[in-house]
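Have a look at the structure below before the remarks.
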């Protein structure tokens, strides 16, 4: 069953938030408790953190299993398979998430 | 050993007995007495008193887990915190069975230090990401995985 757009856009509990690390056990101090916050953090976090989490499949897992957005998780998986790194990764990830956010928000608006 | 109210004062013989027990808690009263040139009954009395007054807290076995075939890794965490939350964070850390030691230290800023054990790197990371990073007041964490130990004392020496 498809998860509703408003549910995907919700803020999750502190324990369920995404915590950005640059390597095993090295927490940057930045976290995201919603897709909106996640998009903001993509712009701000150390590029090492994006590479670390993308290739551990952490982004896909959190977006799919915690937020419930299988579509965005699949898009990010595609990005991982393209083996993008550095600022190109930041730009591509930002594009995917912002595009999906726009669609989800517009879907919520039209359902009102 | 002298007892004054709640306080105890150890003499030289007490300290020498403790040093020997710290090295080998399986020594008998007779063996200790022989090493220190005192009667085993004296050693017995001193140890009894130190146990009764909590100077000797317990006797424990130090296991070499590597030799016992247990796979595990140890890491040292430095946790930068909001000063208002540091006491609470240290108390929470002390509750986790994965955390072996917790202390606070101050150089340029107050930080919490913790020694952590886990089965492997993946489990270490999950523990830190799911249990430590979400604690309110945690600002950032630096973790170093211990690759080799050059010295490890099971108990604190008397300086």
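The values are calculated or read from the model by the stated rules, or taken from the named source; none is laboratory data. Bear in mind that the values here come from a model prediction, so they are computed numbers and not experimental data. Note: ideal-geometry Cβ built from the backbone for every residue, glycine included; neighbour counts use all protein chains shown.
If we only count helices (runs of 4 or more DSSP H) wholly inside the range A:43-112, which ones have 2 or more residues that are at pLDDT 95 or above and more than 12 Å from the chain's Cα centre (by Cα)? Spell out how you get there, then give the answer.
Working: elements: A:47-56, A:58-61, A:70-81, A:86-111.
Fully inside the range A:43-112 and qualifying: A:47-56, A:86-111.
Being on the phi < 0 side of the Ramachandran plot and within 13 Å of chain A (Cβ to nearest Cβ): is that true of residue B:75 here? Step through it out loud before you land on a result.
Details: on the phi < 0 side of the Ramachandran plot: yes; within 13 Å of chain A (Cβ to nearest Cβ): yes.
For residue B:75, the condition - on the phi < 0 side of the Ramachandran plot and within 13 Å of chain A (Cβ to nearest Cβ) - is met.
Condition first: within 13 Å of another protein chain (Cβ to nearest Cβ), farther than 30 Å from residue B:15 by Cβ and in contact (Cβ under 8 Å) with a residue 24 or more places away in the chain. Now tell me which residues in the range B:113-134 satisfy that.
Of the range B:113-134, the ones within 13 Å of another protein chain (Cβ to nearest Cβ) are B:114-118, B:120-134.
Next, only the ones that are farther than 30 Å from residue B:15 by Cβ stay: B:114, B:116-118, B:120-134.
Scanning the range B:113-134 gives B:114, B:116, B:117, B:118, B:120, B:121, B:124, B:127, B:128, B:131, B:132.
State the number of residues belonging to the range A:13-29 that are surrounded by 18 or more Cβ atoms within 10 Å (Cβ to Cβ) and part of a strand (DSSP E or B).
Counting residues in the range A:13-29 that are surrounded by 18 or more Cβ atoms within 10 Å (Cβ to Cβ) and part of a strand (DSSP E or B) gives 8.
Is it the case that the range B:46-68 has a residue that's touching a residue at least 12 places away in the same chain (Cβ under 8 Å) and closer than 23 Å to residue A:30 by Cα?
no
Quick one: in the range B:135-155, of everything that is in a loop (DSSP other than H, G, I, E, B) and closer than 23 Å to residue A:27 by Cα, which residue is nearest to the other protein chains (Cβ to nearest Cβ)?
So the first thing to find is which residues in the range B:135-155 are in a loop (DSSP other than H, G, I, E, B), and the list is B:135-137, B:146-155.
Checking the rest, the ones that are also closer than 23 Å to residue A:27 by Cα come to B:135-137, B:146-147.
Numbers: B:135: 9, B:136: 7, B:137: 11, B:146: 12, B:147: 13 Å.
Out of the qualifying residues, it is B:136.
Which residue out of A:99, A:56, A:10 is within 14 Å of chain B (Cβ to nearest Cβ) and surrounded by fewer than 20 Cβ atoms within 10 Å (Cβ to Cβ)?
A:56
Give the residues of the range A:22-49 that are more than 11 Å from chain B (Cβ to nearest Cβ) and closer than 27 Å to residue A:4 by Cα, sorted by residue number.
Correct list: A:32, A:34, A:35, A:36, A:37, A:38, A:39, A:40, A:41, A:42, A:43.
Counting just the residues of the range A:40-49 that are within 23 Å of residue A:104 (Cα to Cα) and touching a residue at least 40 places away in the same chain (Cβ under 8 Å), which one comes out surrounded by the most Cβ atoms within 10 Å (Cβ to Cβ)?
Residues of the range A:40-49 that are within 23 Å of residue A:104 (Cα to Cα), as a first pass: A:40-44.
Then keep just the ones that are touching a residue at least 40 places away in the same chain (Cβ under 8 Å); that gives A:42-43.
Values: A:42: 23, A:43: 10.
Top of the filtered list is A:42.
Using the structure shown, decide if residue A:37 is modelled with pLDDT of 95 or more and either within 26 Å of residue B:116 (Cα to Cα) or touching a helix residue (DSSP H, G or I) at 6+ places or on another chain (Cβ under 7 Å) (or both). Write out each step before concluding.
Details: modelled with pLDDT of 95 or more: yes; either within 26 Å of residue B:116 (Cα to Cα) or touching a helix residue (DSSP H, G or I) at 6+ places or on another chain (Cβ under 7 Å) (or both): no.
So residue A:37 does not fit the description; no.
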